[in-house]
Amino acid sequence: MSDKALKMVTCSSCETKVFIPGDLAPLATVPCSKCGHPIMMPMMLRQFELRSFVASGGNGTVYRGWDTVLERLVAVKLMKKELLEDASALESFYREARACARLNHTNIIHIYTFDEWEGLRYLVMELADRGSLDTRIEKQQRVEELAVLDIGIKIAGALDLALKHSLIHRDIKPGNILFDYDQEPKLVDFGLARNVDVEQESSSVTEGTPYYVAPEKIKREAETFLSDMYSLGATLYHALLGRVPFDAPTVEEVIMAQVQTPLTPPNEVLPEVSQATSDALVKAMAKNPADRFLSYDEFILQLTIARSHLLVRQTQSPNQPKSKGLTSWWRR
């Protein structure tokens, strides 16, 4: 094979510079000759060079990209071609772009631009490619309590800002909390977000993820910021214990458990969890929305108090062995 038929690219996994066939189609992949990780043929999308695959979701695929004008790394979400004529999918894509563009918060993914090029619709945003809370749970089995509290405080603050802009997220789950290079959590995927002032449409479908959905949504009752608070509480519960709050053989049984089954406090599942953390999550996940925290400020305050108590306890017992954790018994 001649040199003209080769293109040199950098493997996103081992960072080795390798040659790949020059006639490879854009976005197609071949295994890295050193580590076996898929290497993608770059593709230009206006000023953005798509360099490697990051993740794929319901309505789009995210790539790690390079802004050739501003010379910075970005994430480019390319809408799936098969959805370009789907009015509902288009609306979700636009909703995500507009919602995030309205919000300026350290822990909400920043949107840079939304555009169309040669029939392709794409969203360019801040790069957060150090995994999700979901993958962190998968790898660690359970996340350390201090880290869970830090994530909870920051994401609750992000949701509070969204609420100040009259937005509720409506799909809080571990997979929608990503981490950037500095391990800062970023809330993503506002595709289901809606304005709190918009009257809720009646539907036979409960939007959200069954393991984290609030009971009032299942019962078709009014959905407010307290529904997001419940979902965040369920997300933190899962991270803390390595298991979802309610599990069952079928999705239908999981949904019914969200409504009917009492929540087992975290410190009854794992005694080493502090009382303050356990109490905060139990209150955030109260079946009746009126029994939850009255505001995100109140929720953040309780998480912060729990964090302070935990730090004092750790300082007093510096040689205390770390938990081996629980084996995660649920996988999506």
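Just to be sure before I move on: is residue 91 in a helix (DSSP H, G or I) and not assigned by TED's automatic domain parsing to the domain that holds residue 171 in the structure I sent?
In short, yes.
Do we have any residue at all in region 70-81 that's free of Cβ contacts under 8 Å to residues at least 24 places away in the same chain, within 24 Å of the chain's Cα centre (by Cα) and surrounded by fewer than 19 Cβ atoms within 10 Å (Cβ to Cβ)?
The answer is yes, given that some residue of region 70-81 is free of Cβ contacts under 8 Å to residues at least 24 places away in the same chain, within 24 Å of the chain's Cα centre (by Cα) and surrounded by fewer than 19 Cβ atoms within 10 Å (Cβ to Cβ).
State all residues of region 64-88 that are more than 15 Å from residue 189 (Cα to Cα) and in a strand (DSSP E or B); if no residue qualifies, say none.
Pass one, region 64-88, residues more than 15 Å from residue 189 (Cα to Cα): 64-74, 80-88.
Those that are more than 15 Å from residue 189 (Cα to Cα) and in a strand (DSSP E or B): 64, 65, 66, 67, 72, 73, 74.
I want to confirm something. Restricting to region 247-262 and keeping residues that are of a type outside the set (Val, Ile, Thr) and in contact with a helix residue (DSSP H, G or I) (Cβ under 6 Å, 6 or more places away or on another chain), which single residue is farthest from residue 148 (Cα to Cα)?
248
Could you tell me which of the residues 278, 274 is more than 15 Å from residue 231 (Cα to Cα), under 24 Å from the mean Cα position of the chain (by Cα) and either of a type in the set (Ser, Thr, Tyr) or modelled with pLDDT under 95 (or both)?
After applying the criteria, what remains is 278.
Identify the single condition in (1) in contact with a strand residue (DSSP E or B) (Cβ under 6 Å, 6 or more places away or on another chain); (2) free of Cβ contacts under 8 Å to residues at least 12 places away in the same chain that residue 87 does not satisfy, given that it satisfies every other one.
(1)
Starting from residues that are over 16 Å from the mean Cα position of the chain (by Cα) and of a type in the set (Val, Ile, Thr), keep the ones in region 235-251 and report whichever is farthest from residue 172 (Cα to Cα).
250
Sort out which residues of region 46-65 are at pLDDT below 95 and of a type in the set (A, V, I, L, M), and write them in order of number.
54, 55, 62
Among the residues in region 105-115, are any among the hydrophobic types (A, V, I, L, M, F, W, C) and either more than 22 Å from residue 172 (Cα to Cα) or surrounded by fewer than 18 Cβ atoms within 10 Å (Cβ to Cβ) (or both)?
Yes, region 105-115 has at least one match.
The values are calculated or read from the model by the stated rules, or taken from the named source; none is laboratory data. Values in this document were obtained by computation on a predicted structure and should not be read as measured data. Because the Cβ atoms are built from the backbone with ideal geometry, glycine has one as well, and the counts that use them run over all protein chains shown.
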